[in-house]
Amino acid sequence: MAEEILPSILTFIYTIGHWIGEKIVGLIQSISGVLIPQSIVDAIGLLVILTIFLGIAEVAKKAIWVIVAVGWVLIVVRIAMLMIG
């Protein structure tokens, strides 16, 4: 079972990348009229997926910093309350 999970996940990601690549190439071709070779479809789709993952990671990184900063503020406030009495 565990041996089948990774290939299934990679196949799923590839299928979504291929589908996204086809949609983007179709959109570019309809807008510009330039014929784009089908060999680029997979590369475009997978780059879109990587870009989405990087965007999500960047947002998560910022959110984590906000949470850490709020945590430090709360700790400092708690220590100040203990000192004041």
If ligands, DNA and RNA are left out, what is the accessible area of residue 30 with a 1.4 Å probe, given in Å² to the nearest 10?
90 Å²
Taking a crude spin-label model, label points 7 Å out from Cα along the C-beta direction, the residue 64 to residue 34 distance in nm is 3.8 nm
Of the accessible area of the chain, computed with a 1.4 Å probe and all protein chains kept, carbon and sulfur make up a percent value of 79 percent
Rank 69, 83, 35 by how far each Cα sits towards the positive end of the charge dipole of the chain (+1 on Lys, Arg Cβ; -1 on Asp, Glu Cβ) and give me just the farthest.
83
How much area per residue is accessible in the chain when the probe is 1.4 Å and only protein heavy atoms are counted (Å²)?
83 Å²
Length-normalised contact order of the chain in % [C-alpha pairs under 8 Å, at least 6 apart]:
27 percent
Nearest-0.05 FRET efficiency for residue 76 and residue 13 at R0 = 30 Å, using Cβ-Cβ distance, is 0.10
Evaluate the charge dipole of the chain about its Cα centre and quote only its size in Debye, nearest 20, assuming +1 on the Cβ of each Lys and Arg and -1 on the Cβ of each Asp and Glu.
500 debye
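The values are calculated or read from the model by the stated rules, or taken from the named source; none is laboratory data. Bear in mind the structure is a predicted one, so any value in this text is a computation, not a measurement. Heads up, the Cβs are rebuilt from the backbone with ideal geometry, glycines too, and the neighbour counts pull from every protein chain shown. All accessible areas refer to the heavy atoms of the entire protein, side chains included, with ligands and DNA or RNA removed. Shrake-Rupley method; radii C 1.70, N 1.55, O 1.52, S 1.80 Å.
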